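Everything on this sheet refers to the single structure shown next.
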Amino acid sequence: MGLLTEGSPLSWPETKALADHVRQHGISQFINLYKRVQDRQGDVLKWGDEVEYILVKFDHEKKTTHVSLRAEEILNTLREKELANPDTVRSLWRPEYGAYMVEGTPGKPYGGLLAHFNVVEANMRYRREEAAALLQPGEALMSLTSFPRLGCPGFTYPFYKPTTTEGASRSLFIPDEAIFPGHPRFKTLTRNIRERRGEKVAINLPIFKDKNTPSPYVEDLSKLGDDGSSQKAALPDHIYMDAMAFGMGCCCLQVTFQACNIKEARTLYDQLTPLCPIMLALTAASPVHRGMLTDVDCRWNVISGSVDCRTRQERGLEPIPEESGVRRIAKSRYDSIDSYLSPDGEKYNDMPLVMDEVAYKQLIDAGIDHLLAQHIAHLFIRDSVSLFSEKVHQDDERDTDHFENIQSTNWQTMRFKPPPPYSPIGWRVEFRPCEAQLTDFENAAIVCFVVLLTRTILSYQLNLLIPISKVDENMQNAQKRDAARNQKFWFRKDVTTGESPSCCQSPTSCSPAEEYTLMTLDEIINGKEGVFPGLIPLVHSYLSSMDVDADSHCTIQQYLKLIQRRAAGELMTTASWIRNQVVSHPEYKQDSVVSDIINYDLLKNMQEIQAGERPCPELLGPNIITKTSDQVPNTLVEAERC
């Protein structure tokens, strides 16, 4: 969720009045920090994952499920070990947006040894078991990307009713009690985003049209207390959602890497950007929202819309008065990145970039290069939407809270992270698109694959760059129903050299369009003979040059097999599996509705799969090994070693 500053939150009018103050001092803080750390060298590879979980309450007698609003209570206990002795804990726990959500990370980052890939899954399992020990009867800790009936009547335990005319959300569907109560940031963000926008957020997802789905599908929202504004914002044949919780109440899987210096960090930021939509499609896990089957498989546009604080003028829905200072802003503050950072990426920055011109000039005058200056100045077109009175006045030589205030509320596919002031931590890059997977095995496989890709990219100096406009197009295609099997994605033809394709007589005569083409996910991940080597074969080539112990080799191969089979369509994505469970349920009426009983059976099956009690070869494959300790494999499913 980003920076969790403690203090007294300011209202939107107070925050708005200080917007220029935050921007001005945030830029000064970045400049001062940059001057201290720009030449920092020699940091070793460290990396870590973040997994978010949902607390689910099962009522087995009534066959219903709810989200359990006990996250704060559980977190207070989970964090006791860290508060007592932070240097010895195996896991760290943090709050998330939902009062039913928790986030777990390793107690210490992993390093550059390949043997570390052999402990990732075990640590994830340890985290799950540590939290599960605090659950009450009927509760389960589940790494779900989205709770399928979030926003349906009575979806919380205990029950609370939405308040449509007061509170932070003013949602027709989500009570404010579903927002994490233990930190003021979450409700402050919710209220300030709504007030800055000038109206409630409006998320519309296309509904999955089944045989008995009404056409057009139009809801009567007046019975929920709508004053007419929601009915106006809701689109026909779409599922309408009106609160930040629908997006920020989803779970994801993220990976952060430490680079050896700023140059390597900028390279990783750029080279991983074209992989964001690829990994989003591969990890697709959320086809159901507000109890309805949608025609998309991912959370991304939901969460993008849930924090879209742009006014109608900024969204291009109303004319902008001359000399008003208002800018047309193309995207929400939660979206894909808009520009590359490395010199190699500059020619692929083909989209207009709106910048804070004052901030840009300030950065350039301070000696910061054009690419980094425009990146920071682009982030700073946003207002602060969460400010605390104790943090208004800061020492720009030592503090970075104003910079982080803006940086941490630009939730993009990639995040470029400077070293914290006076810290042993170096330049970092955060990879943010992946959806949470059901089992620790899957989450570990995704994390290890992405980390291995970074090592392969740097070792072989791979070039994955394509125009930003094509990355944006890929991001939309990645969310479509069964995109992993049915969609094609723009990808670079020759990733093994930074030079232009051999079809070009000279660099100047080569059209950028000749550098990339449309490929299936299978071709990108597994390769196509004589056409494209494939990312997995490149990783295998990298591993063949390394000294890998037998146990780590076996673990890595299991993970890569999962990725290969998902990309090839031999295994389902989580989204496809969920969709199949719904439409094949005996109670499903071919009307797109995921009822209480369907949801109960779906989540019960998922809980049994993640616990290793139910085999699921169509999702996981026939042979897997799940690590329950740092070194010892436990075959929860009938498994072969390699």
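Things worth noting here:
- Of the residues L562, P321, V582, the one whose Cα sits farthest toward the positive end of the charge dipole of the chain, with +1 on the Cβ of Lys and Arg and -1 on the Cβ of Asp and Glu, is V582.
- Taking a Cβ cut-off of under 9 Å around K16, the surrounding Lys, Arg, Asp and Glu residues balance to a net charge of -2, with basic ones at +1 and acidic ones at -1.
- Under 9 Å, Cβ to Cβ, from D482 - net charge with Lys/Arg +1 and Asp/Glu -1: +3
- Across the stretch 1-101, C-alpha contacts under 8 Å between residues 6 or more apart give a mean separation that, scaled by the residue count, equals a relative contact order of 24 percent.
- Computed over the stretch 247-336: relative contact order in percent, which uses C-alpha pairs under 8 Å that are six or more apart: 25 percent
- Cα gyration tensor shape of the chain, rounded if a/c is under 1.5, else prolate or oblate by comparing a/b with b/c: rounded
- Ordering of 362-374, 148-160, 113-125 by burial proxy (mean other Cβ atoms within 10 Å per residue, highest first): 113-125, 148-160, 362-374
- Separation of the stretch 348-414 from the stretch 568-610 is 43 Å, based on Cα centroids.
- Relative compactness, the stretch 174-279, computed as alpha-carbon Rg over 2.2 N^0.38 Å: 1.50
- Relative contact order computed over the chain (Cα-Cα under 8 Å; 6+ residues apart), in percent: 19 percent
- Rounded to whole Hz, the Karplus (6.51, -1.76, 1.60) HN-Hα couplings of the stretch 259-266, x for glycine and proline: 9, 6, 7, 5, 5, 5, 5, 5
- Taking the helices alone, the chain has a mean residue ellipticity at 222 nm of -10500 deg cm²/dmol, built from -39,500 (n - 2.57) per DSSP H run of at least 4 residues and averaged over all its residues.
- Restricting the GluC sites (Glu not before Pro) of the stretch 393-462 to loop positions (DSSP other than H, G, I, E, B) with no more than 15 neighbouring Cβ atoms within 10 Å leaves E397.
- The dipole here belongs to the chain: it is taken about the Cα centre, uses +1 on the Cβ of Lys and Arg and -1 on the Cβ of Asp and Glu, and is about 460 debye.
- Positive contributions from Lys and Arg (+1) and negative ones from Asp and Glu (-1), summed over other residues with Cβ under 10 Å from the Cβ of G138, come out at -2.
- Packing-based ranking, highest mean first, of 232-238, 544-550 given that Cβ atoms within 10 Å are counted: 232-238, 544-550
- Whether the stretch 10-110 is rounded, prolate or oblate, judged on the alpha carbon gyration tensor where a/c under 1.5 counts as rounded: oblate
- Carbon/sulfur fraction of accessible area - the stretch 72-228, other protein chains in place, 1.4 Å, %: 52 percent
The values are calculated or read from the model by the stated rules, or taken from the named source; none is laboratory data. Predicted, not measured: the structure shown is a model, and the values here were computed from it. Note that each Cβ is placed from the backbone with ideal geometry, even for glycine, and that neighbours are counted across all protein chains shown. All accessible areas refer to the heavy atoms of the entire protein, side chains included, with ligands and DNA or RNA removed. Shrake-Rupley method; radii C 1.70, N 1.55, O 1.52, S 1.80 Å.
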